[in-house]
Amino acid sequence: MPEIAALYDFLAGAVAFGFLACGLFFLRFWRRTRDELFVAFALAFALLGIVHAALALSNIPAEERGPIYLVRLLAFVIILFAIFRKNRASA
């Protein structure tokens, strides 16, 4: 089943590329508006892209991926914190 492994690697790379591309789009929106929310989304998507790239390029066993998933948690916390700050600023 080597073709399934190759397909998995290809799709993992595509997901990583998608996250990094989204990060660049949010960075471009930030340059236009200077809204902190867009910086937070750009940072979070960049972190998610790096994590997916690291998982795709390494052969880390599933039992040892805990620290990598903490980086994903950090990305989601950044998004939540940015949304919270945006809503507090407008209130």
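Where a number appears in this text, it was derived from the coordinates with a stated rule and is not lab data. No experiment lies behind these values; they were computed from the predicted model shown.
Among ALA14, ALA75, ALA46, the largest mean-square fluctuation in a Gaussian network model of the chain, built with springs joining Cα atoms closer than 10 Å, belongs to ALA14.
All Cα-Cα distances of the chain, cut into 10 Å bins from zero to the largest, leave 17, 38, 28, 13, 4, 0 percent in each bin in turn.
Remark: relative contact order (the chain) = 31 percent; criterion is Cα-Cα distance under 8 angstrom and separation of 6 or more residues.
Extension gain, LYS86 to LEU57: 0.36 nm times the residue separation minus the Cα-Cα distance gives 6.9 nm.
Give, in nm to one decimal, the length gained when the segment between ARG72 and PHE17 is fully stretched (0.36 nm per residue of separation minus the Cα-Cα distance). Mind showing how you got there, number by number?
Details: separation 55, 0.36 × 55 = 19.80 nm, distance 1.57 nm.
Length gained, ARG72 through PHE17: 18.2 nm.
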